[in-house]
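*Asks:* Below is one structure. I have some questions about it.
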Amino acid sequence: MPMQGSLSIERMCQLAQISRASFYRSLQERQPVEEEMEVRSVIQQIALEHRRRYGYRRISAELRRRGMRVNHKRVARIMREDNLLAMQPRQFVATTKSDHKLEVYLNLARRMKLTGIDQLWVADITYIRLRAEFVYLAVILDRFSRKVVGWWLERTLASRLAIAALEQAIAKRQPAPGVVHHSDRGVQYASEEYVAILEKHGMIPSMSRPANPYDNASCESFMKTLKREEIYANQYDDLEHLRTNIEEFIETYYNRQRLHSALGYCSPEEFEKQPMHLDSAAEFRSATLEFFQADEA
């Protein structure tokens, strides 16, 4: 009989007052759950690596490349349950159509030269794997200072996740009209309700180019920092435990204490408080735009 430390399975069953048959039955029942979580985890990783542009067929192919044989119907089911089905991009338009079809917007972020805060906000979503479920984190950063100005944690990828982060950012910053809001082309950011909030507050939507992850590099960098320094370093009892730790990491540590090399080794809050960034609200809104050839847009 295999040994677990200094105790055999038979002896552990005796101590727990259960039969060996019950033990093995419980083990067999857990294995499918663990396997399902592993498959979900890899699908989540692939989908987010490719900015939710991969459909179930490409993700099935990528799973095979990684040595995982998963039926494409199962992949489609998991992606549908986790709201990861790819969004089909439409042609660039300047405004939302009156029939409220989901649209994608011109990439303004890469054209901007920033001079202050609240000129460009960048938004992104990532997933976090807990012991028995996936949860999702939406974040909005001020691109100039790298400060997290809004965030929200949910069990779902529905539009309300991104909306809650946006509303928190607006409530905290009270930005003047003209802020450019940059994101990927996910349905959460292209939804009618989300765009309506941007329009209500005079914010200008901007979206990444196809297959180019560098447009949102500062948000990507923050997500990597969060996972490396907080998520992977800890274990969480449940969603609320995770929420408490993320709030502590963002609000107390990252925004106020963590030194950022791109900010001259200042924290985001310290960087925003420097005299050169406090001259006037008008200067904050004086970002400039550069224009490129059409094939560079």
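Readers should treat all values here as calculations from the given coordinates under stated rules, not as data from a laboratory. These figures come from a predicted structure and were not determined experimentally. A quick note on method: Cβ atoms are made from the backbone with ideal geometry, for glycine too, and the neighbour counts reach across all protein chains shown.
*Asks:* Give me the extension gain from residue 274 to residue 49: residue separation times 0.36 nm, minus the current Cα-Cα distance, reported in nm with one decimal.
*Replies:* Working: separation 225, 0.36 × 225 = 81.00 nm, distance 3.56 nm.
Answer, rounded to one decimal: 77.4 nm.
*Asks:* While we're here: Can you tell me how much longer the chain between residue 238 and residue 36 gets when fully stretched, taken as 0.36 nm per residue apart minus their C-alpha distance, in nm with one decimal? Kindly include the intermediate steps, with their values, before the conclusion.
*Replies:* On the way: separation 202, 0.36 × 202 = 72.72 nm, distance 1.91 nm.
Contour length minus the Cα-Cα distance gives 70.8 nm.
*Asks:* Per the Kirkwood definition applied to all pairs of different Cα atoms, how many angstroms is the hydrodynamic radius of region 134-237? Walk me through the intermediate numbers first.
*Replies:* Values: mean 1/r = 0.0689 Å⁻¹.
It is 14.5 Å.
*Asks:* Given a Förster radius of 35 Å and the C-beta distance between residue 256 and residue 106 as r, what FRET efficiency does 1/(1 + (r/R0)^6) yield to the nearest 0.05? If you can, show how the numbers build up before the last one.
*Replies:* Details: r = 35 Å, r/R0 = 0.99.
For R0 = 35 Å, the calculated efficiency reads 0.50.
*Asks:* Filter the cross-link list 147/227; 172/200; 147/200; 113/147; 147/224 down to pairs whose alpha-carbon distance in this structure exceeds 20 Å.
*Replies:* Details: 147/227 17 Å; 172/200 16 Å; 147/200 23 Å; 113/147 18 Å; 147/224 15 Å.
Beyond 20 Å: 147/200.
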